[in-house]
1. Return yes when residue B:163 is away from ligand 2 (no atom under 16 Å from the Cβ) and not polar (S, T, N, Q) and no when it is not.
2. Write out, first by first residue and then by second, each pair whose Cβ atoms fall under 6 Å of each other, whose residues are 6+ apart or on separate chains, and whose first residue, in region B:163-178, is closer than 22 Å to residue A:89 by Cα and open to solvent by less than 40 Å² (accessible area, probe 1.4 Å) while the second is part of a loop (DSSP other than H, G, I, E, B) and within 12 Å of ligand 1 (Cβ to nearest atom).
3. With the checklist (1) more than 16 Å from ligand 2 (Cβ to nearest atom); (2) surrounded by 21 or more Cβ atoms within 10 Å (Cβ to Cβ); (3) not in a helix (DSSP H, G or I) in hand, flag the one item residue B:91 doesn't pass.
4. Please give the number of the condition residue B:115 fails out of (1) assigned to a helix (DSSP H, G or I); (2) open to solvent by 60 Å² or more (accessible area, probe 1.4 Å); (3) touching a helix residue (DSSP H, G or I) at 6+ places or on another chain (Cβ under 9 Å).
5. Consider only pairs whose beta carbons are under 6 Å apart and that are at least six residues apart or on different chains; among these, list those whose first residue lies in region B:49-77 and is within 10 Å of another protein chain (Cβ to nearest Cβ) and over 17 Å from residue A:248 (Cβ atoms) and whose second residue is within 16 Å of ligand 1 (Cβ to nearest atom) and assigned to a helix (DSSP H, G or I).
6. Please enumerate the residues belonging to region B:12-63 that are closer than 25 Å to residue A:88 by Cα, surrounded by 14 or more Cβ atoms within 10 Å (Cβ to Cβ) and within 12 Å of ligand 2 (Cβ to nearest atom).
7. Which members of region A:211-231 meet the condition of being part of a helix (DSSP H, G or I) and open to solvent by less than 40 Å² (accessible area, probe 1.4 Å)?
Amino acid sequence: MQFLRQLWIVFRRQLRIALRNPAWVIIGLVQPILYLALFGPLLVPLAGTFGADNAYTLFVPGLLVQLGLFGTLFAGFGLVAEWRAGVIEAERVTPASRTALLFGRVALNAVQLLVQSIVLVLLSFLFGLQASAPGIVLGIALTVLLGAACACFSDAVGLLSKSENVLAPLLNSVSLPVLLLSGILLPITQPQWLKTVADVVPTKHIVDGIRTVFTGTFDSTVWWGSFWAVVVFAAAATWGARVFQRENA
Amino acid sequence: MIQVEGLTKTFTARRGKEKVEVAAVAGVDLHVDEGEIVGFLGPNGAGKTTTLRMLTTLLRPTAGTARVAGHDVAADPVAVRRAIGYVSQSGSTSPEARAGEEVVDHGMLYGISRAAAAARARELFAQLELDGLWDRKPGAMSGGQRRRLDIAMGLVHDPRLVFLDEPTTGLDPQARANLWGHIADLRRVRGSTVFLTTHYLDEADALCDRILVIDHGRIAAADTPDALKRQVAGDLVQLTVGAAADVEPARAALAAAEPEEPPAVDGLHVSARVRGVAGRLPTLVRRLDEQGIVLAGIEVRRPTLDDVFLTVTGRSLREDA
Ligand SMILES: Nc1ncnc2c1ncn2[C@@H]1O[C@H](COP(=O)(O)OP(=O)(O)OP(=O)(O)O)[C@@H](O)[C@H]1O
Ligand SMILES: [Mg+2]
């Protein structure tokens, strides 16, 4: 109870600051529109080569995961700015759970991502997406889980390094390979060695899972995708909580 | 209220390629009783902030023990945090938030209700002369206003023990005097214990029951301001003469007044520390008068904490402050 109240206080504070910044709100909502408008025309003609009936069912899941990865991986920059202003230290000297300080922030990233995902999917319907409703719900849930994991990771790295100069190259070198190897925009079919490498990237299974579930199929691909989303989230949340609980930070 | 033994913090810092150990705090022993206002006085880099960060559970000591508000900082940090308030040297609010909400949220993290936190925050805004700034972004406040906002943050939950790290840095003289009043009131009205750091001698002198002088991570002296000042032998007598020819007779006259050390000459100024100056001053002035020396000025200064610092550490606080 205590923990949830503290989490709520931190979350509400973050939400207020975010909502008062019109640029943040507008960019957040324009982002999914841009994704669809810019990537759509590029990818639709290719859909047939992957044997997909509906181009949007093929690549909207990829856009979802990309949105999830990119929006949240940069959460750590906000945390470094707050640390610089002394906010983190002021909160750490209160009796509030230090894990709540992390999860309250991550909750905002998750909510932001949820809203963006819904906007993206709704818009995709206008473009001609056909997908099963339960599939969409599970797909968005997995996206948010992955995004929350990235936010935990990014915040923890931010608290450890306390430096944008460490954060920026690190996040770039993580996000680019993940983006390519997961087949986020296009499924990887060639060459074989790339497929093998991609198989060990959890996000590849998550993208495959969301892609499958969008068609209304609930098979092992979906369960593996869900499994990996939960594992990635659990790992990032545990590590992030541990970093925030450290006595010297 | 605070018992500290052998508190030590060693940082590993980089100097070029090699790693060096920085002994920021090197075996500090101190104790503070309930209801005391204690000043932690020392130059830049002396280890004041590092000590405070260990006492407020933000930093784990390398060695030593500290009990704060009845709890061990290492064994039960949450109980310590519940009992204390901390105003850090470097700010505590986001430039993008709203001042009033920052204070209320901070209070709520201590478990107090929103209504109680808001009421206390409004009261603090009035006392700290922050009226009308409730909805202002801290980023759009002046440095001194932001400093007072930090202090409101640290006091919103009415802590029994308050740590203030250079609370008056950046405040104008009137705001400083006002804050001194509030710090004194914390004890008088609420019975709180206050532990504050400062570079300002007049501040420590005016506010504190006891002063701990810290230098190079060690406590160099600990006593009441008056007792510390008594350690400095005698009051400083400074004569200023009108002409260079009068310097030597003035020096001789001052030397005859039994100073603690031979008088120092600096241009037209001649000065020395003299014990029991009240009894000797008339004789001194008469002697100068008999020799026909016209004084441009005579100044008698009671020992200040700067003099104390100089005596205890061999360095002046003014030079690095
Ligand atoms: N994180 C750190 N890593 C390495 N060295 C540090 C660290 N923090 C402080 N120090 C060093 O420890 C020493 C004591 O610093 P501290 O901040 O406690 O001084 P201070 O008395 O508060 O000084 P000031 O009056 O400038 O605030 C300094 O030499 C400082 O450079
Ligand atoms: Mg300091």
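The values are calculated or read from the model by the stated rules, or taken from the named source; none is laboratory data. Being a predicted model, the structure only gives us computed values, none of them experimental. Backbone-built Cβ (ideal geometry, glycine too); neighbour counts: all protein chains shown. Keep in mind that these areas ignore ligands, DNA and RNA; they rest on the heavy atoms of the full protein, side chains included. Shrake-Rupley method; radii C 1.70, N 1.55, O 1.52, S 1.80 Å.
1. Judged against the criteria, residue B:163 is not a match.
2. Qualifying pairs under 6 Å: B:165/B:88; B:165/B:89; B:166/B:89.
3. (1)
4. (3)
5. Final answer for the pair search is none.
6. B:24, B:25, B:40, B:45, B:46, B:47, B:48, B:49, B:50, B:51, B:52, B:53
7. A:211, A:212, A:213, A:214, A:222, A:225, A:226, A:229
This table checks each residue for (1) of a type in the set (Phe, Trp, Tyr); (2) over 23 Å from residue A:58 (Cα atoms).
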residue: A:141; (1), (2): no, no
residue: A:166; (1), (2): no, yes
residue: A:183; (1), (2): no, no
residue: A:208; (1), (2): no, no
residue: A:222; (1), (2): no, no
residue: A:228; (1), (2): yes, no
